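The values are calculated or read from the model by the stated rules, or taken from the named source; none is laboratory data. Keep in mind that what you see is a predicted model, and the values were worked out from it rather than measured. Backbone-built Cβ (ideal geometry, glycine too); neighbour counts: all protein chains shown.
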Amino acid sequence: MSRQLSFTKIEKELLPDFRQKINQAESSEDVKTFYARTALELFDKVFEGSLSLDFDDISLQPGHDNKYSLSNRLLEASEFNEIWDNSDLPNVLQRFTETALNRYAHLEKHPEKTEAKIRM
């Protein structure tokens, strides 16, 4: 039986700042941006710079069956697959995704808050 890697320590390190940014997001686009940046920071810490990452490698996908999207380039990288398949990284990313989607849904239901901030 193989040992599974755990990245919950990194998750706990990134979570307070992520929650603060998500809660301060003024639009659904802000949520997508903060989500992508945090996911990239997570991946950068997990892969310790051994994997080249771009902003377009991950995105939040509200309204889709897969709630996030990973780039083909990332999915085809052997070092990514090795860790993805043998760790809790998918679960960690899913928890960040759920937090972002909750805020996204809230902002979509209350567009007047975003519009009021734009008019100021």
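Give the residue, chosen from Asp65, Asp44, that is out of contact with any helix residue (DSSP H, G or I) (no Cβ under 9 Å at 6 or more places or on another chain) and surrounded by 14 or more Cβ atoms within 10 Å (Cβ to Cβ).
Asp44
Quick test for you: out of Ser59, Ser69, pick the one residue that is outside any helix (DSSP H, G or I) and within 22 Å of Lys12 (Cα to Cα). Spell out how you get there, then give the answer.
Details: Ser69 fails: within 22 Å of Lys12 (Cα to Cα).
Of Ser59, Ser69, the one residue that is outside any helix (DSSP H, G or I) and within 22 Å of Lys12 (Cα to Cα) is Ser59.
Can you name the residue in segment 2-20 that is assigned to a helix (DSSP H, G or I) and more than 12 Å from the chain's Cα centre (by Cα) and is also surrounded by the most Cβ atoms within 10 Å (Cβ to Cβ) among such residues? If you could, list the steps in order and put the result at the bottom.
Restricting attention to segment 2-20, the residues satisfying the condition of being assigned to a helix (DSSP H, G or I) are 8-20.
Pick out the ones that are also more than 12 Å from the chain's Cα centre (by Cα) and you get 8-10, 12-13, 16-17, 20.
Numbers: Thr8: 12, Lys9: 8, Ile10: 17, Lys12: 10, Glu13: 14, Pro16: 9, Asp17: 12, Gln20: 10.
Out of the qualifying residues, it is Ile10.
Please determine, by comparing only the residues of segment 72-86 that are surrounded by 16 or more Cβ atoms within 10 Å (Cβ to Cβ) and touching a residue at least 12 places away in the same chain (Cβ under 8 Å), which one is farthest from the chain's Cα centre (by Cα).
The extreme case among them is Ala77.
Can you name the residue in segment 47-74 that is of a type outside the set (D, E, K, R) and more than 21 Å from Leu101 (Cβ to Cβ) and, of all such residues, is modelled with the lowest pLDDT? Step through it out loud before you land on a result.
Of all residues in segment 47-74, those of a type outside the set (D, E, K, R) come to 47, 49-53, 55, 58-64, 66, 68-72, 74.
Filter once more, keeping what is more than 21 Å from Leu101 (Cβ to Cβ): 47, 49-53, 72.
Working: Phe47: 94, Gly49: 83, Ser50: 88, Leu51: 89, Ser52: 88, Leu53: 91, Asn72: 96.
Residue satisfying both the conditions and the ranking: Gly49.
Would you confirm, using the coordinates I've provided, whether Arg95 is closer than 23 Å to Gln4 by Cβ, assigned to a helix (DSSP H, G or I) and among the charged types (D, E, K, R)?
Yes, satisfied.
Taking the criterion of being of a type outside the set (Lys, Arg) and farther than 21 Å from Ser28 by Cα, would at least one residue in segment 91-104 satisfy it?
Within segment 91-104, the subset of a type outside the set (Lys, Arg) is 91-94, 96-102, 104.
From what is left, the residues that are farther than 21 Å from Ser28 by Cα are 91-92.
Scanning segment 91-104 turns up at least one residue that is of a type outside the set (Lys, Arg) and farther than 21 Å from Ser28 by Cα.
Evaluate the following for Leu101: is it at negative phi, in contact with a Pro (Cβ under 7 Å, 6 or more places away or on another chain) and among the aliphatic types (A, V, I, L, M)?
Taking the combined requirement at face value, the residue satisfies it.
Condition check: in contact (Cβ under 8 Å) with a residue 12 or more places away in the chain and among the acidic types (Asp, Glu). Does Glu48 satisfy that?
no
How about segment 1-32: which of its residues are closer than 14 Å to Leu89 by Cβ and hydrophobic (A, V, I, L, M, F, W, C)?
The answer is Leu5, Phe7, Ile10, Leu14.
For segment 98-110, which positions are over 14 Å from the mean Cα position of the chain (by Cα) and either outside any helix (DSSP H, G or I) or in contact (Cβ under 8 Å) with a residue 60 or more places away in the chain (or both)? So that I can check it myself, show each step before the final result.
From segment 98-110, those over 14 Å from the mean Cα position of the chain (by Cα) are 105-110; that's our starting set.
Passing the criteria: Leu107, Glu108, His110.
When segment 16-38 is examined, which residues are found to be over 16 Å from Glu108 (Cβ atoms), of a type in the set (Lys, Arg) and in contact (Cβ under 8 Å) with a residue 40 or more places away in the chain?
Result: Arg19, single match.
Go through (1) surrounded by fewer than 19 Cβ atoms within 10 Å (Cβ to Cβ); (2) under 21 Å from Lys109 (Cβ atoms); (3) of a type in the set (Gly, Ala, Ser) and name the single condition Ser59 misses.
Going through (1) surrounded by fewer than 19 Cβ atoms within 10 Å (Cβ to Cβ); (2) under 21 Å from Lys109 (Cβ atoms); (3) of a type in the set (Gly, Ala, Ser) one by one, Ser59 breaks only (2).
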